[in-house]
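Written below as structure tokens is the structure these notes are about.
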Amino acid sequence: MSPTHSPSLQEHIISTYGALRRGIGFLAIALPIILSVGGFVKYGLTPQDSISAYYHAFVPTAQPPGLFEIAGNGVMRNWFVGILWAISVFLILYRGYGRRENTVLNIAGVLLIAVAMFPMDWTCGTTCPKVSVHGVSAILFFLAIGYVCIFRSGDTLELINPSARESYKRWYRIIGLLMWVFPLVVAALEFFKLHPFGTRTVFFIEAAGIWTFAAYWLIKSHEISFSNADVVAIEGDLVRAPRKSGAIQYWLDTTPHSTKE
């Protein structure tokens, strides 16, 4: 006797996969809020100039600073590292709808771990190096996610009607371009020591980039729920597009997946 299909089990698997996507988005939304608001409410920590500064920032006391108060012992450090690690692991565990998406998301996850484990310089002042593992990893992370938004987000769009398809495609392109623009703007501001909108300029641009990243995952979750792409895929009715010859053509190809006829 062949095993019977359990709709409840299928729904459980699909909901688990969807929760992983939404979890990435919600964690990203929470990161700047927890660091800035949580740090101020719980510790009285003054607003910092950047997201990364929360790894180090602590509340000065009347006592002489101890060895671990100089750098790397920020009161919100555990939140900063913990949330980045959680998002990183989710990105690595998420398989996506194709090898290219999965590969780039794995790379992005590793890069985000590097962002967490190689913090920004703190005690060097004006002598801080202009290039660091932390900064380069952050830029490459956003570039990788931008690639996914622009080149891989369309893999499931053939499952919805043309008008909705164009709307999603337009949003994915906007988000992908912003993912490329935000880190380059931050890098330029940091390199030239510019703060056109005050000392918190970099923080707000970084927060905007992080929330743009979150927007992609929440919109993608809505699109997949709307099209039932997970259901189509789990039933084996979603067919990958034929592989293009040549490495460049393969990685830049945006041909969507299709359903079995």
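Observations, loosely collected:
- Note on the stretch 153-177: among residues that are surrounded by 19 or more Cβ atoms within 10 Å (Cβ to Cβ) and at pLDDT 95 or above, the one that is farthest from the chain's Cα centre (by Cα) is Tyr168.
For every residue, the table says whether it meets (1) outside any loop (DSSP other than H, G, I, E, B); (2) in contact with a helix residue (DSSP H, G or I) (Cβ under 6 Å, 6 or more places away or on another chain); (3) buried (at least 18 other Cβ atoms within 10 Å of the Cβ).
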| residue | (1), (2), (3) |
| --- | --- |
| Phe80 | yes, yes, yes |
| Leu91 | yes, yes, yes |
| Arg95 | no, yes, no |
| Leu105 | yes, yes, yes |
| Ala108 | yes, yes, yes |
| Val115 | yes, yes, yes |
| Asp121 | no, no, no |
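Matching residues to (1) modelled with pLDDT under 95; (2) within 15 Å of Ile150 (Cβ to Cβ); (3) touching a strand residue (DSSP E or B) at 6+ places or on another chain (Cβ under 9 Å):
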position: Met179; (1), (2), (3): no, yes, no
position: Gly209; (1), (2), (3): no, no, no
position: Tyr216; (1), (2), (3): no, yes, no
position: Asn228; (1), (2), (3): yes, no, no
position: Gly246; (1), (2), (3): yes, no, no
position: His257; (1), (2), (3): yes, no, yes
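- Among the residues listed as Leu31, Leu9, the single one being at pLDDT below 95, assigned to a helix (DSSP H, G or I) and not β-branched (Val, Ile, Thr): Leu9
- Residue in the stretch 123-143 that is surrounded by the most Cβ atoms within 10 Å (Cβ to Cβ), counting only those that are under 22 Å from Leu178 (Cβ atoms) and of a type in the set (Gly, Ala, Ser): Ala138
- The residues listed here are Lys193, Lys220; of these, the one that is modelled with pLDDT under 95, out of contact with any His (no Cβ under 7 Å at 6 or more places or on another chain) and basic (Lys, Arg) is Lys193.
- The set of residues from the stretch 31-45 being surrounded by fewer than 16 Cβ atoms within 10 Å (Cβ to Cβ) and either of a type in the set (Lys, Arg) or touching a residue at least 12 places away in the same chain (Cβ under 8 Å) (or both) comprises Lys42, Tyr43, Gly44.
- For Trp251, the criteria (1) surrounded by 15 or more Cβ atoms within 10 Å (Cβ to Cβ); (2) part of a helix (DSSP H, G or I) hold in every case but one, which is (1).
- Residues of the stretch 47-60 classified as under 17 Å from Glu206 (Cβ atoms) and in a loop (DSSP other than H, G, I, E, B), total: 7
- Hey, Gly146 under 30 Å from Leu238 (Cβ atoms), crowded, with 17+ Cβ neighbours inside 10 Å, modelled with pLDDT under 95 and touching a helix residue (DSSP H, G or I) at 6+ places or on another chain (Cβ under 9 Å) or not: no
- Restricted to the stretch 123-234, the set of helices (runs of 4 or more DSSP H) holding at least 2 residues that are under 20 Å from Ile107 (Cβ atoms), in contact (Cβ under 8 Å) with a residue 40 or more places away in the chain and touching a Gly at 6+ places or on another chain (Cβ under 7 Å) comprises 162-192, 201-227.
The values are calculated or read from the model by the stated rules, or taken from the named source; none is laboratory data. Quantities reported herein were computed from a predicted structural model and do not represent experimental measurements. Note that we place each Cβ from the backbone using ideal geometry, even for glycine, and neighbour counts take in every protein chain shown.
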